[in-house]
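Below you'll find the structure, written out as structure tokens, and then a few comments.
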């Protein structure tokens, strides 16, 4: 059993549960969206709250942070754009008729999914919808985006001449148990992926390998096409995290010790961090499966995890953001890796059979390297 550790700092400024946590691309800022209807900006350098974004008329469901602007969506049916440094609201996007669940920002476009059964594409600068995606029979919970040039063969692209001005696809997951793929330019549904028998909670895309993963309340993860030499991590209400070989569906490890549902997870540099309904975060070594540390201090479910500069950030429904020092975990793993490397070099001084064994070790190392590009799914 791993040892417990105490948080470096506890941030208690929010007056309600924290529903989402977003890290800026440059790693300097964290954005939290809360049940109290506000979002707050935190510095990763000193963990201080630098700005408060207030204006939504109901709770914030999701937030997205760029280096200079932030986006939030809410149960008040709107999406807002904010100036990161001043906290000023720069734009309000209106059009959805129910709770907005998710947003996705790509270049000059904003995508959103809602309980009103639609997804929408907006012009970020003009505050107006430029495309609407209708076809789901229930609410849209999750979004993903990719370009057809990353996944289609040249011959396939020639057949899609009418779409060549914009070959982007939007992928939506819904409580109607389907995943839909849409042409962004036309709003036309390109494909409906059937098979799940429960709501689609999350989507993970790997366009270079032509792979899409979907996670559902039917207790399954489905993979569309083949993703080679990758590991997929899934968290479940059965209190476990499982590691799978994505190309075969084989389960290779189960991470237990959680005392409640696994609510969030994050893979980073050989460590799997999990958050649970038991109010604890945990760190597992992915190569050994050993529990290395338990982070205790939250009072309610941990909803989101972020990692930056060897610090772990956990956001909880108890309304707090906690920051934890995880340097010792990485130091311990690097030391063990160095020990194994030394042992490997010594084993080369031996018989021919040992040299052949070392070649097998290289194949295992290839698997380990692929594991560093692991996919997360909760």
| What strands (runs of 3 or more DSSP E), lying completely within the stretch 190-254, carry at least 2 residues that are more than 22 Å from residue 178 (Cβ to Cβ)? | 231-235, 241-245
| When residue 199 is evaluated against the numbered criteria (1) surrounded by fewer than 17 Cβ atoms within 10 Å (Cβ to Cβ); (2) modelled with pLDDT of 85 or more, which criterion, by number, is the only one it fails? | (1)
| said: Would you confirm whether or not the stretch 318-326 contains a residue that is under 20 Å from the mean Cα position of the chain (by Cα), under 20 Å from residue 237 (Cα atoms) and either free of Cβ contacts under 8 Å to residues at least 12 places away in the same chain or crowded, with 23+ Cβ neighbours inside 10 Å (or both)? | reply: no
| note | For the stretch 276-311, the count of residues that are out of contact with any helix residue (DSSP H, G or I) (no Cβ under 9 Å at 6 or more places or on another chain), within 20 Å of residue 31 (Cα to Cα) and without any contact (Cβ under 8 Å) to a residue 40 or more places away in the chain equals 2
| remark: If we keep only residues of the stretch 292-301 that are on the phi < 0 side of the Ramachandran plot and over 18 Å from the mean Cα position of the chain (by Cα), then the residue surrounded by the fewest Cβ atoms within 10 Å (Cβ to Cβ) is 299
| remark: Counted residues in the stretch 69-98 being more than 18 Å from residue 184 (Cβ to Cβ), without any contact (Cβ under 8 Å) to a residue 40 or more places away in the chain and part of a loop (DSSP other than H, G, I, E, B) come to 9
| message | Among the residues in the stretch 210-224, are any closer than 23 Å to residue 288 by Cα, surrounded by fewer than 22 Cβ atoms within 10 Å (Cβ to Cβ) and out of contact with any strand residue (DSSP E or B) (no Cβ under 8 Å at 6 or more places or on another chain)? | response | no
| query | Within the stretch 1-15, which residues are in contact with a strand residue (DSSP E or B) (Cβ under 7 Å, 6 or more places away or on another chain) and either closer than 18 Å to residue 264 by Cβ or at pLDDT below 95 (or both)? | reply | 1, 2, 3, 4, 5, 7, 8, 9, 11, 14
| field | Positions within the stretch 279-291 being surrounded by fewer than 20 Cβ atoms within 10 Å (Cβ to Cβ) and either in a strand (DSSP E or B) or under 16 Å from the mean Cα position of the chain (by Cα) (or both), in sequence order | value | 285, 291
| request: Could you grab me the full set of residues in the stretch 107-128 that are loosely packed, with under 15 Cβ neighbours inside 10 Å and either part of a loop (DSSP other than H, G, I, E, B) or under 23 Å from the mean Cα position of the chain (by Cα) (or both)? | output: 107, 108, 125, 126
| Is it true that residue 170 is closer than 16 Å to residue 224 by Cα and within 20 Å of the chain's Cα centre (by Cα)? | yes
| message | Against the definition (surrounded by 17 or more Cβ atoms within 10 Å (Cβ to Cβ), in contact with a strand residue (DSSP E or B) (Cβ under 8 Å, 6 or more places away or on another chain) and in contact (Cβ under 8 Å) with a residue 60 or more places away in the chain), how does residue 241 come out, yes or no? | response | no
| Which of the residues that make up the stretch 255-278 are more than 19 Å from the chain's Cα centre (by Cα) and more than 20 Å from residue 329 (Cα to Cα)? | 259, 260, 278
| said: Condition (residue is at pLDDT 80 or above, within 19 Å of the chain's Cα centre (by Cα), part of a strand (DSSP E or B) and over 23 Å from residue 69 (Cα atoms)) applied to the stretch 135-156: is it met by at least one residue? | reply: yes
| query | Within the stretch 174-185, restricting attention to residues that are touching a strand residue (DSSP E or B) at 6+ places or on another chain (Cβ under 8 Å) and not in a strand (DSSP E or B), which residue is surrounded by the fewest Cβ atoms within 10 Å (Cβ to Cβ)? | reply | 185
| request: Answer yes or no as to whether residue 22 is within 30 Å of residue 284 (Cα to Cα) and assigned to a strand (DSSP E or B). | output: yes
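The values are calculated or read from the model by the stated rules, or taken from the named source; none is laboratory data. Fair warning: this is a prediction, and the values are worked out from it, not measured in the lab. Cβ coordinates were reconstructed from backbone atoms using ideal geometry, including for glycine residues, and neighbour counts include every protein chain displayed.
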